[in-house]
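The values are calculated or read from the model by the stated rules, or taken from the named source; none is laboratory data. Worth saying up front: this structure is predicted, and the values here are computed from it rather than measured. Here the Cβ positions follow ideal geometry from the backbone for every residue, glycine too, while neighbour counts run over all protein chains shown. What goes into the accessible areas is simple: the full protein's heavy atoms, side chains included, and nothing from ligands, DNA or RNA. Shrake-Rupley method; radii C 1.70, N 1.55, O 1.52, S 1.80 Å.
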Amino acid sequence: MLKEYHKPVLEREVLDALGLGSIAHLNNAGKYIDATLGHAGHSIVIAKTGSSVLGIEADEDMILIAKERIDAEHLGENIKIANGNFRDIDKIAGDKDYSQVDGILFDLGISSYHYTQEERGFSFKDPEAELDMRLNAKEQGVKASELLNVLREDQLFEMFYQVLGRNEARKLCKVILRTREEKPFKTVGDIIRVVDRVGGIRSGRIHPATKVFLALRIAVNGELDNINEALPKAFGLLKKGGKIAVISFHSLEDSIVKKYFSNLVKMGVGKYSGAELIKPTETEVTENPLSRSAVLRVIEKI
Ligand SMILES: C[S@@+](CC[C@H](N)C(=O)[O-])C[C@H]1O[C@@H](n2cnc3c(N)ncnc32)[C@H](O)[C@@H]1O
């Protein structure tokens, strides 16, 4: 068994948002989809309310660990698992008889476990690791290193500017082009050296390569397109009174969620459930620093 599982973020707030937060809510036990199963932290607490859960996960490694954990909790009957991409949530839910549900959770991005799997290239700790970053290597053909080797300058700029800003992205693209003429990108160290050569990509206390890695990960996994595609499909799966809860970790994710939810409200088909924006408490941030940038938004179907 794994020593340390991914710690679920905003756990109590998610339960409250889905109407499962206290004993008094237990008769609300229903059917839920966890679109980002991960290590099943959220799925397990939802299932413990007596609810049934369909957990979707793109990464097979995560599923192996989630299964082990779910079995140890004797919750195998309550939690079904599907290996797939949440952008296909409508099809996956249909296949598993989850097309009318009480709530859907998206806990976006990758898990703390991914950063510990240095050979997969999500972390900049091991310079020799391959710069891969695919969540599902069976279905996704293109590694982060290959994007750096094949994209044209304008495409590289497109990939980086939303995360880095125009000036930093422009400087970075120039150095990437020069570097790959000498030697193609292959490892984590190759891109770290480029970041070092560009200099200046620093925001506050975070490592200068953090944003470059984020931009690459978003591109390799089509993360923003996935969210754009999944949210309307998810809304279509909700019963009246059902809720979608989304935890985002950066403004590119959150602005998609914010815009989509505000459109639902304007169209008169959705209403905000509780506060429009929920953040972790100081205690949670102290206990789990990875939660510091998390924001939760919840919409209810009316
Ligand atoms: C922040 S973690 C979720 C952690 C989980 N809530 C827990 O408590 O263990 C996000 C998970 O979503 C998965 N993921 C990311 N994008 C996905 C997608 N488009 N479809 C399915 N799973 C995805 C990642 O592999 C990762 O395991």
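Quick notes on this one:
- TYR115/ASP154 FRET efficiency (R0 22 Å; Cβ-Cβ; nearest 0.05): 0.10
- Rolling a 1.4 angstrom probe over region 185-302 with all protein chains present gives an accessible area of which 54% lies on carbon and sulfur atoms.
- Contact order normalised by residue count of region 36-82, Cα under 8 Å, 6+ apart, percent: 48
- Folded to 0 to 90 degrees: helix 223-237 orientation relative to the chain principal axis, Cα: 10
- Degrees between helix 188-198 axis and first principal axis of the chain (Cα, 0 to 90, nearest 10): 60
- Exposed GluC sites (Glu not before Pro) absent: longest stretch of the chain, with sites in DSSP loops and at most 10 other Cβ within 10 Å deemed exposed: 129-302
- Whole-angstrom gap from region 89-104 to region 201-280, using each part's C-alpha centre: 20
- Among the listed pairs LYS174/LYS211; LYS80/LYS243; LYS143/LYS271; LYS138/LYS233; LYS96/LYS143; LYS171/LYS259, a Cα-Cα separation exceeding 29 Å is found for LYS143/LYS271; LYS96/LYS143; LYS171/LYS259.
- Relative contact order for the chain, counting Cα pairs under 8 Å that sit 6 or more residues apart, in percent: 18
- Cβ-Cβ FRET estimate between LEU177 and VAL285, R0 fixed at 30 Å, reported to 0.05: 0.15
- Calculated [θ] (222 nm, deg cm²/dmol) that DSSP helices of n ≥ 4 give over the chain, each run adding -39,500 (n - 2.57): -13000 deg cm²/dmol
- Label-point separation in nm, GLU139 to THR210, each point 7 Å along Cα→Cβ: 3.0
- Length-normalised contact order of region 1-131 in % [C-alpha pairs under 8 Å, at least 6 apart]: 24
- Estimated at the nearest 10 Å², the accessible area of ASP97 is 100 Å² with a 1.4 Å probe.
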